[in-house]
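Shown next, in structure tokens, is the structure this report addresses.
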Amino acid sequence: MLSERVQRITRLSEPEVDHLRALCSCWQVLADLSFSDLMLYVKSARSEVFEICAQLRPFTSQTLYPQDMVGTRVSQPGQPMVERAFREGSVWAQKDPVLMDGVPIRMDAVPVRYRGAIVAVLTREGSPRISRRLGRLERVYLDNAERVSTMVCDGHFPPAESPPGEWPRVGDGLLVLDKGGRVTWASPNALSSLHRMGVMENVVGRGLDDLGLGETPVSRALALRSLQDGELVHGDVVVALRVMPLLESDKVTGGLVIAKDVSELRQRERVISVKDATIREIHHRVKNNLQTIASLLRLQGRRLQSEEAKAALEESVLRIGSIALVHETLSENPSDATEFGEVARRIVHMVGDGLVSPGRTSEIKVTGSAGPLSADLATPLAVTLAELLQNALEHAFPDGRTGTVGVELSRDHHYVAMVVWDDGIGLPPKPPEGARLGLQIVRTLTEDMGGSFEITSNGGTRVEVRIPSTH
Ligand SMILES: Nc1ncnc2c1ncn2[C@@H]1O[C@H](COP(=O)(O)OP(=O)(O)OP(=O)(O)O)[C@@H](O)[C@H]1O
Ligand SMILES: [Mg+2]
């Protein structure tokens with residue numbers, strides 16, 4: 001959105017627009033250190049007007065702009081400052097608070113440089129501070145805000161190759177380093193994190209690497225003059241560190257370390273992954289149990305004399321096998337939904353193995369995709385598919401005929417559709433006598449899923465099952 005807006009207003013090149021986008025992905029640090037709202041202005045290609053293309057509120061202070069400012073033209077009295085910063089390429093700070101709509105604000109304008117050219121102007125706007133009563137934390141924050149502003153103006157901020165994703169906040173814990181990597185100041189939250197890591201002594205004046213915490217990314221960041229991430233682990237406590245070198249006239253003058261205790265996050269990730277493994281394990285056991293039941297039935301079937309009873313057990317074995325296949329697929333996948341195409345292919349394999357006399361039909365192909373389906377849909381659909389395939393293989397090609405059977409899957413916003421077709425003899429004009437279970441099962445299951453099915457017989461048979469995809 002930012003890039004589209006900027007491209008509409010200006011004639012900035014793609015890398016320049018990317019620079020602005022990168023700036024806006026990490027400028028929260030600057031807003032928080034400055035206790036200020038930030039506005040990003042770009043200059044219109046057609047006129048002398050500057051327009052706000054992005055806005056950010058601080059977490060450390062109240063915003064002056066509860067309303068959305070994006071798209072607004074620069075207002076008086078900001079105009080001359082923004083213009084001058086853009087034209088002259090240096091930071092313009094207002095000495096005394098200026099009045100905006102009758103409210104006094106403190107404001108400065110920072111040119112945003114990319115490869116030597118000024119591409120935009122960033123303003124910092126906050127409530128005036130009563131300077132004689134500034135606390136130490138405020139002074140450190142404001143002081144470092146100046147350093148980061150200078151980096152924006154020199155083209156060193158946003159840092160090159162800053163990792164994607166949200167930045168930790170300075171409020172999570174901040175350590176300020178001198179150019180040798182020694183701590184000059186630590187915020188209360190940073191100290192608490194260090195305490196939890198077992199560091200009880202005073203850290204000011206010491207290097208983070210000398211605290212016995214193991215290797216930190218500090219020396220790498222300062223040596224390479226680039227942003228570096230790292231993680232410190234002490235028992236159950238995990239603290240994520242982001243180290244940003246502070247540069248002035250291309251020289252490292254120090255660094256900022258944002259330290260965030262991520263122990264709980266990591267703990268939660270662990271719990272989730274254990275849960276995932278447990279669920280997979282349960283599916284695996286259910287599958288095994290179903291297969292055991294199937295083999296028991298098969299054994300029993302062998303001892304029976306009646307052909308009808310034998311056939312009934314054989315069919316039950318197949319139905320149970322279809323359900324087992326769904327659990328097998330779920331046991332291999334950490335999510336609670338299963339890719340139904342995969343289940344379908346396995347069912348084709350299973351039914352085909354048991355039924356196809358070789359040479360009668362060509363290989364049964366599964367085409368299309370039904371996407372991921374939850375177990376409560378995948379299971380009945382799997383059983384349905386097995387019944388329909390079985391019918392096609394059993395009834396469509398009598399007397400040594402040959403032909404093709406296929407399965408088509410599709411999905412739209414509302415429905416999952418499964419078509420099983422064959423080019424066999426088609427349905428008999430009159431339903432055959434006797435206790436038929438197959439299509440009965442198909443009907444019951446599709447109705448249970450809130451769906452419907454349709455059989456058409458026209459030079460072959462085609463059964464389409466449709467079930468709502470948002471079950
Ligand atoms: N693809 C098909 N081609 C030709 N006839 C079919 C096809 N599918 C079903 N039929 C006919 O429809 C009848 C009913 O099918 P249904 O699945 O309900 O019972 P069945 O297959 O005979 O028995 P069961 O499924 O219980 O073993 C079948 O007996 C068969 O005559
Ligand atoms: Mg049948």
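Taking the residues in the range 293-344 that are in a helix (DSSP H, G or I) and hydroxyl-bearing (Ser, Thr, Tyr) as candidates, determine which candidate is farthest from Gly434 (Cα to Cα). Give the derivation first.
At the first step, the residues of the range 293-344 found to be in a helix (DSSP H, G or I) are 293-303, 307-331, 340-344.
In the following step, the residues that additionally are hydroxyl-bearing (Ser, Thr, Tyr) were identified as 295, 316, 322, 329, 331.
Values: Ser295: 27, Ser316: 18, Ser322: 25, Thr329: 35, Ser331: 39 Å.
It comes out as Ser331.
A single entry from Gly180, Gly165, Gly212 fulfils the requirement of being surrounded by fewer than 17 Cβ atoms within 10 Å (Cβ to Cβ) and at pLDDT 90 or above: Gly180.
List the strands (runs of 3 or more DSSP E) that sit entirely inside the range 350-421 and contain at least 2 residues that are of a type outside the set (Gly, Ala, Ser) and at pLDDT 95 or above.
Working: elements: 365-368, 372-374, 405-411.
Result: 405-411.
Out of everything in the range 427-457 that is aliphatic (A, V, I, L, M) and farther than 21 Å from Ile364 by Cβ, what residue ends up being nearest to ligand 1 (Cβ to nearest atom)? Reasoning before the result, please.
The initial filter retains those residues of the range 427-457 that are aliphatic (A, V, I, L, M), namely 427, 435, 437, 439, 441-442, 445, 449, 455.
Filter again for farther than 21 Å from Ile364 by Cβ, leaving 435, 437, 449.
On the way: Ala435: 7, Leu437: 3, Met449: 18 Å.
The extreme case among them is Leu437.
Quick one: which residue in Leu247, Leu232, Leu177, Leu142 is of a type in the set (A, V, I, L, M, F, W, C) and farther than 30 Å from Gly126 by Cβ?
Values: Leu247 fails: farther than 30 Å from Gly126 by Cβ; Leu177 fails: farther than 30 Å from Gly126 by Cβ; Leu142 fails: farther than 30 Å from Gly126 by Cβ.
Exactly one residue qualifies, and that residue is Leu232.
Listed by first and then second residue, the pairs with beta-carbon distance under 6 Å, at least 6 apart or on different chains, first residue in the range 138-149 and among the charged types (D, E, K, R), second surrounded by 17 or more Cβ atoms within 10 Å (Cβ to Cβ), are Arg147/Leu246.
One residue stands out among those in the range 438-471 that are touching a residue at least 40 places away in the same chain (Cβ under 8 Å) and surrounded by fewer than 14 Cβ atoms within 10 Å (Cβ to Cβ): the one that is farthest from His414 (Cα to Cα), which is Asp448. When the range 412-471 is filtered for residues that are within 16 Å of ligand 2 (Cβ to nearest atom), under 13 Å from Leu385 (Cβ atoms) and β-branched (Val, Ile, Thr), the ones remaining, listed by number, are Val420, Ile441, Val442, Thr446, Val463, Val465.
Kindly provide the set of residues from the range 185-237 that are part of a strand (DSSP E or B) and in contact with a Leu (Cβ under 6 Å, 6 or more places away or on another chain), ordered by number. Step through it out loud before you land on a result.
In the first step, residues of the range 185-237 are kept if they are part of a strand (DSSP E or B); the result is 185-186, 207, 228-234, 237.
Within the range 185-237, Ala186, Gly230, Leu232 qualify.
Of the candidates Arg280, Arg319, the single residue that is closer than 30 Å to His414 by Cα and within 28 Å of the chain's Cα centre (by Cα) is Arg280.
Remark: Pro159 falls outside the filter, which requires a residue to be in contact with an Asp or Glu (Cβ under 9 Å, 6 or more places away or on another chain), part of a loop (DSSP other than H, G, I, E, B) and not assigned by TED's automatic domain parsing to the domain that holds Glu16.
What are the residues in the range 263-275 that are out of contact with any strand residue (DSSP E or B) (no Cβ under 9 Å at 6 or more places or on another chain) and either over 27 Å from Leu232 (Cβ atoms) or hydroxyl-bearing (Ser, Thr, Tyr) (or both), if any? The answer is Ser273, and nothing else.
Restricting the search to the range 391-426, which residues are near ligand 1 (Cβ under 7 Å from one of its atoms), among the aliphatic types (A, V, I, L, M) and crowded, with 19+ Cβ neighbours inside 10 Å? Before the answer, list the steps.
Here is the first cut: in the range 391-426, the residues near ligand 1 (Cβ under 7 Å from one of its atoms) are 391-392, 394-396, 422, 424-426.
Subsequent filtering for residues that are among the aliphatic types (A, V, I, L, M) retains 392, 396, 425.
Of everything in the range 391-426, those that are near ligand 1 (Cβ under 7 Å from one of its atoms), among the aliphatic types (A, V, I, L, M) and crowded, with 19+ Cβ neighbours inside 10 Å turn out to be Ala392, Ala396.
The values are calculated or read from the model by the stated rules, or taken from the named source; none is laboratory data. No experiment lies behind these values; they were computed from the predicted model shown. We place every Cβ from the backbone using ideal geometry, glycine too, and count neighbours over all the protein chains shown.
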